[in-house]
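Enquirer: My structure is below; once you've seen it, I'll send some questions.
The values are calculated or read from the model by the stated rules, or taken from the named source; none is laboratory data. Every value quoted in this text rests on a predicted model; they were computed, and no experiment measured them. Using ideal geometry, Cβ is built from the backbone for each residue, glycine included, and neighbour counts are taken over all protein chains shown. Areas reflect the complete protein model, heavy atoms only, side chains present, ligands, DNA and RNA absent. Shrake-Rupley method; radii C 1.70, N 1.55, O 1.52, S 1.80 Å.
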Amino acid sequence: NVELILELEPDLVLVDQFSGVHGQLQELGVTVFAGTPGTIPEMLAFNVTAGELLDRRAEAAELNASLEQKMSEMAARVEAGSGPQVYVELDPTPFAAGQGSYIDGLISIVGGRNVVPAELGPWPMLSHEFVLEADPEVILLLGAPYGETEQTFRSRPGYSGLNGRVIEVDEHSGDLLSRPGPGLPEALDWLFSVLYADGVPD
């Protein structure tokens, strides 16, 4: 509601760059920063920018240092690429998280391997045949809060033959995985616990 934003008389408004709101606010003379990080490097850069805009440079640097330390600690717990093959489904079309996405970055840090090849991009629409042929070891259903369950997943034609563990991701965990930001440490802890429920490979 642009009118309500104007009533607050803000010095600065931070908005999603895809919301379309920033254009309206700028035309009305409001100082706006539109930014939506989509990867881990972009998220770290966004923190620096936010620190500059809010005159909290030291706090931004401290935040990034803590995030980078957490990523290093998690990466050291398992050999890169030695974890399970992972399929992250955003909705049953099937729409997936591919390489180059924030979710894929998290998976890589904890040693997992995304079944979606890089050439398909960060947010590909896949075919059911692709998922069946990939036969992932771990399947993360981010559509679980909206009614997608292991039962509905396996009831698709051919999907009952998949051998992987199906994880119904709750709304909080789904937000952690898909929203680049300070929740990264908790996202990594959750993902590690899910991928290595049976223990870390030797």
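Enquirer: When the range 76-91 is examined, which residues are found to be more than 17 Å from the chain's Cα centre (by Cα) and either open to solvent by less than 60 Å² (accessible area, probe 1.4 Å) or among the basic types (K, R) (or both)?
Expert: R77, V78, G81, S82, G83, P84
Enquirer: Counting only residues that are among the hydrophobic types (A, V, I, L, M, F, W, C) and open to solvent by 10 Å² or more (accessible area, probe 1.4 Å), which one in the range 163-179 is nearest to E68 (Cα to Cα)?
Expert: L176
Enquirer: Follow-up. When E137 is evaluated against the numbered criteria (1) in contact with a Pro (Cβ under 6 Å, 6 or more places away or on another chain); (2) over 14 Å from V86 (Cα atoms); (3) open to solvent by 50 Å² or more (accessible area, probe 1.4 Å), which criterion, by number, is the only one it fails?
Expert: That leaves (2) as the condition not met.
Results for (1) over 19 Å from the mean Cα position of the chain (by Cα); (2) more than 25 Å from L188 (Cβ to Cβ); (3) open to solvent by less than 60 Å² (accessible area, probe 1.4 Å), shown as yes or no for each residue.
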{"position": "P10", "(1), (2), (3)": "yes, yes, yes"}
{"position": "Q17", "(1), (2), (3)": "no, yes, no"}
{"position": "T31", "(1), (2), (3)": "yes, yes, no"}
{"position": "G38", "(1), (2), (3)": "no, no, yes"}
{"position": "G51", "(1), (2), (3)": "yes, no, yes"}
{"position": "A58", "(1), (2), (3)": "yes, no, no"}
{"position": "N64", "(1), (2), (3)": "no, no, yes"}
{"position": "M71", "(1), (2), (3)": "no, no, yes"}
{"position": "A97", "(1), (2), (3)": "no, no, yes"}
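Enquirer: Sort through P145, P117, P182 and tell me the only one that's within 24 Å of G38 (Cα to Cα) and open to solvent by 70 Å² or more (accessible area, probe 1.4 Å).
Expert: Residue meeting the stated conditions: P182.
Enquirer: I would also like to ask the following. When the range 142-166 is examined, which residues are found to be touching a residue at least 60 places away in the same chain (Cβ under 8 Å) and within 24 Å of the chain's Cα centre (by Cα)?
Expert: T152, F153, G164
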